[in-house]
1. Tell me which residues, restricted to the range 353-374, are open to solvent by 70 Å² or more (accessible area, probe 1.4 Å) and more than 25 Å from K35 (Cα to Cα).
2. Return the residues of the range 123-137 that are open to solvent by less than 10 Å² (accessible area, probe 1.4 Å) and among the hydrophobic types (A, V, I, L, M, F, W, C); say none if nothing qualifies.
3. I'm told I146 meets every condition in (1) within 15 Å of D80 (Cα to Cα); (2) open to solvent by less than 30 Å² (accessible area, probe 1.4 Å); (3) assigned to a helix (DSSP H, G or I) except one. Can you identify the failing condition by its number?
4. Considering only the range 325-352, how many residues are open to solvent by less than 10 Å² (accessible area, probe 1.4 Å), in contact with a helix residue (DSSP H, G or I) (Cβ under 7 Å, 6 or more places away or on another chain) and assigned to a helix (DSSP H, G or I)?
5. Can you pull out the residues in the range 150-182 that are assigned to a helix (DSSP H, G or I) and either crowded, with 24+ Cβ neighbours inside 10 Å or at pLDDT below 95 (or both)?
6. From the list E198, E242, E255, pick out the single residue that is closer than 24 Å to V297 by Cβ, open to solvent by 60 Å² or more (accessible area, probe 1.4 Å) and not in a loop (DSSP other than H, G, I, E, B).
7. Condition first: of a type outside the set (D, E, K, R), open to solvent by less than 30 Å² (accessible area, probe 1.4 Å) and either in contact with a Leu (Cβ under 7 Å, 6 or more places away or on another chain) or in a helix (DSSP H, G or I) (or both). Now tell me which residues in the range 50-82 satisfy that.
8. For the range 83-122, how many residues are free of Cβ contacts under 8 Å to residues at least 60 places away in the same chain, part of a loop (DSSP other than H, G, I, E, B) and open to solvent by less than 30 Å² (accessible area, probe 1.4 Å)?
Amino acid sequence: MKANHQKIFEPFTFTSGVEVKNRIMLAPMTNYSSKDNDEVSESELAYYSERSGGVGAVITAVAYIEAGGKGFPGQFSAADDSFIPSLKKLADTIQSKGSKAILQIFHAGRMSPPDLLPDQQSVSASAVAVEQKSAQVPREMTESEIQATIKNFGEATRRAIEAGYDGVEIHGANTYLLQQFFSPHSNRRTDQWGGSLEKRMAFPLAVIAEVKNTVAKFAKHPFIVGYRLSPEEGSNPGITLEDTLSFVDTLANQELDYLHISVMHFWNGSFRDKDKSESRIVKIHEKVGSRVPVIGVGSLHTPDEVVDALNTGVPFIALGRELLMEPRWVQKVEAGEEADIRTTLSKQAQQELVIPDPLWDRLINVPGWMPVVE
């Protein structure tokens, strides 16, 4: 490999004791390709097998933790012990190639499509619909439902442990339930779960505590607990960067293994306050990076771009689109073959790239997200 790319291949040991061999992770990406019974499909196993081995860790597509929190068609489940064998197949597939396996878990809240839910009714922190045309107004969660959902995050974590994963990532980003409790748009509560900034943190912190208690009780080996968050919201009222800097300051005290920042571009500044042009990921790292590792992501395509991002001090980069187009991105960088890395998605390459049909259809047909060529 080129000497300036060595930084990518430095190993790292998390607070939990899990060691990864390099600084690249496969970003969690929805693939819409699970079985009709919400088990992991053979096409998903093949897809993950093709993208494991080079990266230090694979963060899976998100699994839902209870039936009322399903977020997508073709999504696999961690909502019942009957899914442990399915989850284990995925963990084994990833680990057999030499990468750590991290299961992302979530509840979609008001973002759940009603037709995927047992009672066709989504729930959230408050009865406030997302700002989308024809969006369903969610039902405000009761105290007992909140407590049950917290417990179910722990139960999903136990299943991940029993299935052999190296960790879980709690999905608190991308407008799903944990973010809904933190957001002043979706959380209008006046009880212990809402109101002030501190009270809006209460539900995510309770979920983290439950997950960590579950790990302490059931894990026999070092086990990662990470947390993913979105630093801003476009809605008004909505999450501001100042809110998030307060939140990550609190999260940094929770003995998490990492914070994963969900943005479209690593270097972009605030979209709510155009005067704040510094990278939000770098700003978060500067705030808490000495206490908790930060994973950056977003439009870093070449190894030189990844190294530039790592040179900010941010210790990890998650790659998404890059590993869809080039599953052997890491291996080619290590071999000094970066000139051979694919940078476009050929419409004839589905079979070679081992991409399931439902995901392939979206990649090809959603304008602008992927650089598609004939």
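The values are calculated or read from the model by the stated rules, or taken from the named source; none is laboratory data. Everything quoted here is computed from the prediction, not taken from an experiment. Every residue, glycine among them, receives a Cβ derived from its backbone with ideal geometry; neighbour counts consider all protein chains shown. Quick note on the areas: whole protein, heavy atoms, side chains included, nothing else; ligands and nucleic acids left out. Shrake-Rupley method; radii C 1.70, N 1.55, O 1.52, S 1.80 Å.
1. Let us first name the residues in the range 353-374 that are open to solvent by 70 Å² or more (accessible area, probe 1.4 Å), namely 357, 361-362, 365-369, 374.
Those that are open to solvent by 70 Å² or more (accessible area, probe 1.4 Å) and more than 25 Å from K35 (Cα to Cα): P367, G368, W369, E374.
2. Our first condition is that a residue be open to solvent by less than 10 Å² (accessible area, probe 1.4 Å); within the range 123-137, this holds for 124-126.
The one that is open to solvent by less than 10 Å² (accessible area, probe 1.4 Å) and among the hydrophobic types (A, V, I, L, M, F, W, C): A125.
3. Unmet for I146, out of (1) within 15 Å of D80 (Cα to Cα); (2) open to solvent by less than 30 Å² (accessible area, probe 1.4 Å); (3) assigned to a helix (DSSP H, G or I): (1).
4. 2
5. Going residue by residue through the range 150-182, those that are assigned to a helix (DSSP H, G or I) are 150-162, 177-182.
Correct list: F153, A156, T157, R159, A160, L177, L178, Q179, Q180, F181, F182.
6. Numbers: E198 fails: closer than 24 Å to V297 by Cβ; E255 fails: not in a loop (DSSP other than H, G, I, E, B).
Being closer than 24 Å to V297 by Cβ, open to solvent by 60 Å² or more (accessible area, probe 1.4 Å) and not in a loop (DSSP other than H, G, I, E, B) holds for just one of E198, E242, E255, which is E242.
7. Hits for the range 50-82 are V55, V58, I59, T60, A63, G68, G69, A78.
8. Counting residues in the range 83-122 that are free of Cβ contacts under 8 Å to residues at least 60 places away in the same chain, part of a loop (DSSP other than H, G, I, E, B) and open to solvent by less than 30 Å² (accessible area, probe 1.4 Å) gives 3.
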